[in-house]
Amino acid sequence: MELILDIALLSLLLVTAVYIAWTRDLFAAVILAGIYGLLSASFFMSMGAVDVAFTEAAVGAGISPLLMLSTLAICGRAQRANPQRALLALLTVGVVGALLITATLEMPAFGSPDAPAHLHVAPRYIADSMREIGIPNVVTSVLASYRAFDTLGEVVVIFTAGLGVLSLLGLRGDVREEPIHSPMAEPSHLVLRVVGKVLIPPILLFALYVQFHGEYGPGGGFQAGVIFAVGFILYSLVFGLEAVEKIVNRALVQALAAVGVLIYGTVGLLGIVSGRNYLDYSGLAGDSVAGQHLGIIAIELGVGITVASVMMIVFFVFSAQLARGRAVPHAS
Amino acid sequence: MIIATAIALLVVMVLALVRALLGPTIHDRILAVNVFGTKTVLLISVICFISGRPEFLDIALVYALINFVSIIGVLKYFEYQGRDEREGMQ
Amino acid sequence: MLTHLPILQVILPLVAAPSCMILQRSRLSWLFTVLVSLAAFVVSALLLQQVMAEGVIRYSLGGWDAPWGIEYRIDALNAWVLFIVTAVSTAVIAAARTSIEAELGASRQTVFYTLYLLCFAGLLGIVATGDVFNVFVFLEISSLSTYALIAMGRDRRALWSAFQYLVLGTIGATFILIGIGFLYMMTGTLNMLDLAERLPAVESSTAVLAAFAFILVGICLKLALFPLHLWLPNAYSNAPSIVTAFLAATATKVALYLLVRFTVTVFGIDFSLSALPLQSLFILLGLAGVFVGSAVAIYQSNIKRMLAYSSVAQIGYMIIGIGISTVVGLQATLLHLFNHALMKAALFLALAGVAYRIGGCSLEQIRGLGRSMPWTMGAIAIGGASLVGMPLTAGFISKWYLIAASIDSGFWPLALLIVAGSLLSAVYVWRLVEAGYLREPQSGQLAAEPGEAPLGLLIPTWILVLANLYFGVETSLPVSVTEMAATYLLGGAP
Amino acid sequence: MIDSVLAILSAVMLGLGGFFMVSGAIGLLRFPDFYSRMHAASMTDTLGSYLVVGGLMLTAGWGLPLFKLALILVFIFFTSPTAGHALAKSAQHCDLRLPGGGASTKKADNEISGSAQGPDSRDVVSADRV
Amino acid sequence: MLLSALYNYWVVILLMMTGLYMVIAQGNLIKKVIGLNIFQTSVFIFYISVGKVAGGSAPILSQLTTVYSNPLPHVLILTAIVVGIATTALALALILRIRQAYGSVEEQDILAGDGQC
């Protein structure tokens, strides 16, 4: 059964990708990119990659189509140019593809348990993580303790992206005095506002559940941050941008983004203070397993805060841009 | 019986995808995405039960939430675009 | 505290960046960045001294030992590149205040310095780590902050060059990710040392060859090696001058370090030479880079663009050094890494002074600069001389070692071609010097003579110029360190 | 005894859910214009979801999965019709007018497409935003 | 059974080629960003297929099963997805600024605007 599901999902993915490459209507391409995100997330689900499906759903099907749409709202939908340099593209793609296909011939078969990938480093994670770190979700224990430095890099990448978007779009002097008046920022009609009022509190509650449930089931700091931001994005979509600006002012969110990274960094430094290496939590509490628990919860919190605030910064800057986008004549 | 439902879900997803690809007007595509989204929610729940690990249903819930928000985002964009084209025509 | 040096090297700027963001006062953020960069320089000097004394330093993060957790392995090569990056960064950021205030305005100061610290931390993270996937993560940190920094340029072309660099950079990084995926699939580990031990067993399979090809192309994209260098001239000429000074001296050097690390330590030099015709490939591409880069540089009117193309040429020299793949050849590359960083940082800082005073840096605008801005023009002249490789300058040392390496390994024509390449670079340096000293300032230029560049910019420039001269004469430090690194990499066991 | 009844009941619900969804999808493909497709798709969409989730709830037995399934059901209960409504409203706004249109606001809308963009389009749009 | 053994990898390769083609050939900047997304997602699918063990369930320890698929590729992909969304957000911000500076998001107009060849 898994095989049928896997092959069906992959073929759907392929069809969507080829159509996106072929279509000229940008709006259709963005919509299909959303479907592409949904399909790849369900593929990850059928592969047993639960945390990854969670993240891909929140990001691939949630945030990136929304961002692309607000870019599209300013840049117009027509894709005028027919593909130029097609020959060069086909050539490079052909060469890369050929190299890859020859490489697959000697790959270990898909799913074979004795492939080298499963024999060297991975068995220890599965066997000893319960004893050493004491949480059932092995992915979170590898993510937050064995390879915690990678996750610190991940949080800093998100922080850099938030800063980059801020430096490009956010800091223009005239943001303050110009009122946000585009329909994208106006409250929408009655039904949506009622349903919005009903849904937003459970969404934020669910985000907190995902944040602290990260050790026992799928979830964790990053997914929780995205869902938390999606709650506020829904609020801004339904009740308009001014309403959100009143609750979440820009300076606070920027500071929170920096605070999240600092939390992560200082928890690592505590490892040094407690006489061990950087990012070693066993010294944080009485015995080492309790210390690992405490460390993982702290850094997941740091990740959640940074991701939520960066996603909010990016979305609010984009929709404020939309308001200003109206001033620029549409040359779509 | 669950496997039959999973196959039915796959068939529906294929049909919805065909509508998304063909869809003459943009709203057909949005409708197809909406159908596709709810079907993915169901597919994930069914996969959880097939693989015997029902505690992964949170993902199906996130799907439903994300699908709803992206549909509202798309429509909000479209309302904005629609009005703009009309003003553009004036 | 000395045992935590390797991690402090990277964590210092990494944690300083968000705190600089929280600081929010632009005057303080410059000072804060200079202090952090200085501290990183001190840490790297201590690290270099420790490595010279004890050999390889290992530091496992999170207390988990090597293949399971992430491990930092600092040997002579790491310490040397860390030393170069921190030294150049301290000099460049010390000179940054006036030029950035002029080019960026008040509101974006704090964000600029935070992004600078992130880029700095990213570069250090790439060099210090001993884990293959960690290289990818920190590569992304430095690349993302570099795109944002370039996009802060005044000219609208800065946006387009940042986007071009983003697309090419992301393709390069994803190629590296594919290569890492293949390596993990065939060996099951992500630690560089562990990979080096387990790869010979699976060396014959095409998957490892594909991994090698993908990682090589990805790094050459980041390195701006000749056919893949199209993003570099735009990015360097449109970015703010301080960013250009920092990137020209460090970003490509870190990519070169990656190339050496992967071809020599991870894949092993004998596999690298046998798998692909690496020796001839690198020498040919290097030479092509030298000649095309220098030829195009001659016809440029914008000096920044000219120096960007000359960077492509100088990277060609370094690749030739690796192509020779003997101990002396590798040592020549590592020497040129250091000297080129000094030259380019000095030249671009001098140009920052010119851009600050005159507003642009095309050949017409710097006419008669010898009289109005003697110190800056002096820096440009000496930097140019070092670029050409005149005796008594640092450039001469690296050219000397390069020619010695090619003669030792019997490539007679190669030595001649290297000398011809230096002559080509002499042509465009002469255009600079001639425009500066022998030409009269344009009649249309502003009547008031532009004063000398501000002191805050001049002092670091001249510190770098003097370093150029000092290391041209007294070469004990660079030679001894690169000697140890080259013999350790090629001679003994990895 | 009770288990076999539950099993049969959930099998029936799952089968019905599957049938409704497939019929809805076929309707989605074959119906001529947007509104009829919309009718086919969103109706069966919501009903199909209720049946399938209900069927799964029966097999889940007491415990956390049952609560999660109930949560999903409630969530679909709110979002699916709302999405359908918002979709129809947006279609109405933009270019897809109902041919012939019965209700008064629809008539005003039809004038819009015919005559020049008079101010009345502004009132219609703002009228319904209570 | 060669098909099931390598079908995953062949689809990954085709997706990679589609994404790469879109990035190189399409002139519109937004299409380039979508192409970049597809290119990166195909690498994620490759990693997850490497990590899959036949019959192994999700790497969350439970009393039901003892065979789990490999958790390490999942960790790597979580970081790679974050890197992907960060790059996309920055690229879209750049596109907005380019749109306001050049008035168009087509590569030809931008190159014409700069006067390059």
- Message: I need the Debye-formula profile for the stretch C:1-72: one equal scatterer per C-alpha, no solvent, reported as log10 I(q)/I(0) at q = 0.13, 0.20, 0.21, 0.22 1/Å, two decimals.
- Response: -0.49, -0.87, -0.92, -0.96
- Of all the C-alpha pairs in chain E, what % are more than 22 Å from each other? 51 percent
- Task: Take peptide C:170-177, look around each residue's Cβ out to 10 angstrom, count Cβ atoms belonging to other protein chains, and average those counts.
- Result: 6
- Message: Give the average, rounded to an integer, of partner chain Cβ atoms located within 10 angstrom of each Cβ in A:267-278.
- Response: 4
- Please work out the FRET efficiency for the pair residue C:52 and residue C:420, using the Cβ-Cβ distance as r and a Förster radius of 60 Å; give the result to the nearest 0.05. 0.95
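Please report the projected area of the stretch C:82-239's Cα convex hull averaged over all directions, in nm².
Working: hull surface 40.0 nm².
Averaging across all directions leaves 10.0 nm² for the Cα convex hull.
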- Tabulate in residue order the Karplus-calculated ³J(HN,Hα) for the stretch C:462-468, using 6.51 cos²θ - 1.76 cosθ + 1.60 with θ = phi - 60°, rounded to whole Hz; enter x for Gly and Pro. 6, 4, 5, 5, 5, 4, 3
- Message: Cut-off 10 angstrom, C-alpha nodes, Gaussian network model of chain E. Which of E:66, E:87, E:79 fluctuates the most?
- Response: E:66
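Please arrange C:440, A:106, E:106 by how many other C-beta atoms lie within 10 Å of their C-beta, fewest to most. Numbers along the way, then the final one.
Working: C:440 9, A:106 15, E:106 18.
Ascending Cβ contact count within 10 Å gives the list C:440, A:106, E:106.
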- Query: Taking the Cα-to-Cβ direction at residue C:474 and at residue C:1 and moving 7 Å from each Cα, how far apart do the two end points lie in nm?
  - Reply: 2.8 nm
- Task: Can you grab the distance from the C-alpha centre of the stretch A:1-70 to the C-alpha centre of the stretch A:83-110, Å, no decimals?
- Result: 22 Å
- Message: Working only with C-alpha atoms, what are the Rg and Dmax values of chain A, expressed in angstrom?
- Response: 22.7, 65
- Message: I'd like the distance between the alpha-carbon centres of the stretch A:125-162 and the stretch C:170-214, rounded to an integer number of Å.
- Response: 22 Å
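Got a sec? How would A:280, A:51 order by Cβ neighbour count within 10 Å, fewest to most? Present the calculation step by step, with values, prior to reporting the outcome.
Working: A:280 26, A:51 30.
Taking fewest neighbouring Cβ atoms as first place, the list is A:280, A:51.
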- Projected-area mean, the stretch C:264-321, by convex hull of Cα positions, square nanometres: 4.2 nm²
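Partner chain Cβ atoms within 10 Å, averaged over the residues of D:6-15 - can you pull that number for me? Spell out each step's value before the answer.
Numbers: counts 0, 1, 1, 0, 2, 4, 1, 2, 7, 4.
The shielding value for this peptide is 2.
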- Item | Set of lysines near residue E:32 by C-alpha distance (under 23 Å), chain-local residues within fewer than 8 positions excluded | C:222
- Note on the structure: Once the mean of 1/r over all distinct C-alpha pairs in the stretch B:2-89 is inverted, the Kirkwood radius in Å reads 14.5 Å
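Over all directions, what mean area does the Cα convex hull of the stretch A:1-79 project, stated in square nanometres? Spell out each step's value before the answer.
Working: hull surface 19.7 nm².
About 4.9 nm², averaged over all directions.
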- Item | Violating pairs (Cα-Cα greater than 23 angstrom) within the set B:39/E:31; C:253/C:399; B:39/D:68; C:253/C:344 | B:39/E:31
- the stretch C:86-136 to the stretch C:319-353: how many Å between their Cα centroids? 20 Å
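Grab the DSSP H runs of chain C that are 4 residues or longer, score each as -39,500 (n - 2.57), total them, divide by all residues and round the 222 nm result to the nearest 500 deg cm²/dmol. All intermediate terms of the calculation are to be shown ahead of the outcome.
Numbers: 21 runs with 371 residues, N = 494.
Result for chain C: -25500 deg cm²/dmol, rounded to the nearest 500.
Normalised by the number of residues in the stretch C:2-491, what is the relative contact order in percent for Cα pairs under 8 Å and 6+ residues apart?
So the answer I get is 15 percent.
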- Task: Return the long-range amide H neighbours of residue C:390 (sequence gap of 5 or more, or a different chain), with a cut-off of under 5 Å between placed amide H atoms.
- Result: C:396
- Message: So if I place +1 on the C-beta of Lys and Arg and -1 on the C-beta of Asp and Glu, and nothing else carries charge, what would the dipole magnitude of the stretch C:2-491 be about its Cα centre? I want it in debye, nearest 20.
- Response: 1220 debye
- Message: Below 8 Å between Cα atoms, with a sequence gap of 6+, how large is the relative contact order for the stretch A:213-293 in percent?
- Response: 11 percent
- Angle between the Cα long axis of helix C:26-54 and the longest principal axis of chain C, 0 to 90 degrees, nearest 10? 40 degrees
- Query: Which peptide among A:91-100, C:241-250 comes first, and what is the full order, when sorted by highest mean count of other Cβ atoms within 10 Å?
  - Reply: C:241-250, A:91-100
- Kindly write out, for the stretch B:49-57 in residue order, the coupling ³J(HN,Hα) from the Karplus curve 6.51 cos²θ - 1.76 cosθ + 1.60 (θ = phi - 60°), rounded to whole Hz, with x marking Gly and Pro. 6, 5, 7, x, 10, x, 6, 8, 6
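From Cα pairs below 8 angstrom and at least 6 apart in sequence, can you work out the relative contact order of chain A, rounded to a whole percent?
Values: 393 pairs, mean separation 68.6, N = 332.
Relative contact order, chain A: 21 percent.
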- At 20 °C and 1.002 mPa s, grab the translational diffusion coefficient of chain C from Stokes-Einstein with a Kirkwood Rh over Cα pairs, rounded to a whole number in µm² per second. 95 µm²/s
- Task: Once you have all Cα-Cα distances for the protein assembly as shown, histogram them in 10 Å bins from zero and send the whole-percent values.
- Result: 2, 10, 19, 23, 21, 13, 7, 3, 1, 0, 0
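Cut-off is 10 Å between beta-carbons; in what order do C:189, C:114 appear when sorted fewest neighbours first?
Working: C:189 24, C:114 29.
Least crowded to most crowded, the residues run C:189, C:114.
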- Item | Acute angle (nearest 10 degrees) that the helix C:278-298 long axis makes with the longest principal axis of chain C, alpha-carbon atoms | 10 degrees
- Helix C:5-23 versus the longest principal axis of chain C: what angle, 0 to 90°, nearest 10, using Cα atoms? 50 degrees
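Readers should treat all values here as calculations from the given coordinates under stated rules, not as data from a laboratory. Treat the numbers as computed from the prediction; the structure is a model and nothing was measured. Here Cβ is always computed from backbone atoms with ideal geometry, including for glycine, and neighbour counts include all displayed protein chains.
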